Amino acid sequence: MIDVAYAESRFRAPELAHQYGAGVHLLDDPLAWTLLARVCSPETSQPDVGRLVSMLYQILARAVLAAEFPRSRVDVPTRMISSHPEAIYRGTALSKSTKAVTVGIARAGTMPSQVVYDLMNEVLDPALVRQDHLFMSRQTDAQGAVTGATWHDAKIGRDVEDRYVLFPDPMGATGSSMVSAVSYYKTALEGRPARCIAMHLIVTPEYIQRVHEAHPDLGIYALRLDRGLSPARVLRTEPGTHHAEERGLNEHHYIVPGAGGVGEILNNAWL
Ligand SMILES: O=P(O)(O)OC[C@H]1O[C@H](OP(=O)(O)OP(=O)(O)O)[C@H](O)[C@@H]1O
Ligand SMILES: O=c1cc[nH]c(=O)[nH]1
């Protein structure tokens, strides 16, 4: 007999209120904000920054999988089954037959994608879980402003049919990297993804605007929205109320407050 308490789940990740639309999820998580503030501090470097970013991606991955992935009813005997026929967990779980791929964008680094890949292998059928890799770098003009993202190489499995495609990438700044990655997965591979989801530590209002325009169906999850260069009047309003006046990027397209160059800090590779 199923215990009605576990017959279904209404889980939704706790989120900040905002006006960017239903596809944007800004997590309301003071524990994650604490860890992220340490990641962004000038005092923090390796090995702490690597460990903290890995912890933050476990938090993000947990929220995305629990909120977005299909669920099914399971009957799983416990160790007590030899003495009690009732010793069976009958209830809701993530559906093991979900097909998924995580896309490591080798720009800031692929460790976030590895964290997501490891978690998906724990809860789904590993035969249906894949990790792809894209190699990108920023394109700049003579003034150092970011003009786009250039691809160098990729290692990508063949199909995306019915797959949940996750894009864990620490910073959503101008949105150029995410727009080009999602466009590729929607148009250049066999089949159509079931859903595409971006997973970031920090996003800007400019990123949300650009990515939403190109891919209104993309789910966006972030631990923080940075709009630190917005007028004080705008900062007093709920995020998205005055979207056109919100600013999170400086003239070189670095995020403020932000974290500096995350690829540089994570990889100890200074450009
Ligand atoms: O939204 P966009 O403007 O495309 O920027 C986003 C990219 O920037 C970050 O990488 P990072 O800055 O560490 O890489 P970089 O040094 O190559 O710019 C981030 O992880 C994204 O890959
Ligand atoms: O501020 C920024 C912008 C893009 N990428 C980063 O790592 N930091």
Can you tell me which of 97, 113, 54 is closer than 21 Å to residue 132 by Cα and touching a His at 6+ places or on another chain (Cβ under 9 Å)?
113
Being surrounded by 17 or more Cβ atoms within 10 Å (Cβ to Cβ) and without any contact (Cβ under 8 Å) to a residue 24 or more places away in the chain is true for just one of 57, 117, 20. Which residue is that?
117
All positions within region 231-253 that are within 16 Å of ligand 2 (Cβ to nearest atom) and either out of contact with any strand residue (DSSP E or B) (no Cβ under 9 Å at 6 or more places or on another chain) or open to solvent by less than 40 Å² (accessible area, probe 1.4 Å) (or both):
246, 247, 248, 249, 250, 251
Filter region 70-98 for residues that are of a type in the set (A, V, I, L, M, F, W, C) and more than 18 Å from residue 1 (Cα to Cα) and give the result.
94
Select from region 254-271 the residues that are near ligand 2 (Cβ under 9 Å from one of its atoms) and part of a loop (DSSP other than H, G, I, E, B) and write down the one among them that is farthest from residue 59 (Cα to Cα).
254
Among the residues of region 155-179, which ones are within 15 Å of residue 117 (Cα to Cα) and either near ligand 1 (Cβ under 10 Å from one of its atoms) or in a loop (DSSP other than H, G, I, E, B) (or both)?
156, 157, 163, 167, 168, 169
With the condition being open to solvent by less than 20 Å² (accessible area, probe 1.4 Å), I'd like the strands (runs of 3 or more DSSP E) fully within region 71-112 carrying at least 3 qualifying residues.
100-106
How many residues of region 184-207 are under 18 Å from residue 139 (Cβ atoms) and at pLDDT below 95? The answer is 1
Could you check, for region 147-160, whether at least one of its residues is in contact (Cβ under 8 Å) with a residue 60 or more places away in the chain and either in contact with a Leu (Cβ under 9 Å, 6 or more places away or on another chain) or within 16 Å of ligand 2 (Cβ to nearest atom) (or both)?
no
When you scan region 238-253, how many residues do you find that are among the charged types (D, E, K, R) and assigned to a helix (DSSP H, G or I)?
1
Could you say whether any residue in region 206-228 is out of contact with any Pro (no Cβ under 6 Å at 6 or more places or on another chain), assigned to a helix (DSSP H, G or I), under 24 Å from residue 105 (Cα atoms) and of a type in the set (Val, Ile, Thr)?
yes
Looking only at region 209-218, decide whether some residue is among the polar types (S, T, N, Q) and away from ligand 2 (no atom under 16 Å from the Cβ).
no
Give just the number: which of (1) touching a residue at least 60 places away in the same chain (Cβ under 8 Å); (2) of a type in the set (S, T, N, Q); (3) in contact with a His (Cβ under 8 Å, 6 or more places away or on another chain) does residue 183 not satisfy?
(1)
Would you confirm whether or not region 122-129 contains a residue that is within 16 Å of ligand 1 (Cβ to nearest atom) and either open to solvent by 30 Å² or more (accessible area, probe 1.4 Å) or at pLDDT 95 or above (or both)?
no
Can you tell me which residue is nearest to ligand 1 (Cβ to nearest atom) among those in region 236-271 that are at negative phi and small (Gly, Ala, Ser)?
263
Give 58, 46 a once-over and let me know the one that is assigned to a loop (DSSP other than H, G, I, E, B), out of contact with any strand residue (DSSP E or B) (no Cβ under 9 Å at 6 or more places or on another chain) and not charged (D, E, K, R).
46
Confirm whether residue 192 is closer than 14 Å to residue 100 by Cα, away from ligand 1 (no atom under 13 Å from the Cβ) and crowded, with 19+ Cβ neighbours inside 10 Å.
no
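The values are calculated or read from the model by the stated rules, or taken from the named source; none is laboratory data. Only a predicted model underlies this, so the values are computations on that prediction, with no experimental measurement involved. Note that we place each Cβ from the backbone using ideal geometry, even for glycine, and neighbour counts take in every protein chain shown. Please note that ligands, DNA and RNA were not included when accessible areas were found on the heavy atoms of the full protein model with its side chains. Shrake-Rupley method; radii C 1.70, N 1.55, O 1.52, S 1.80 Å.
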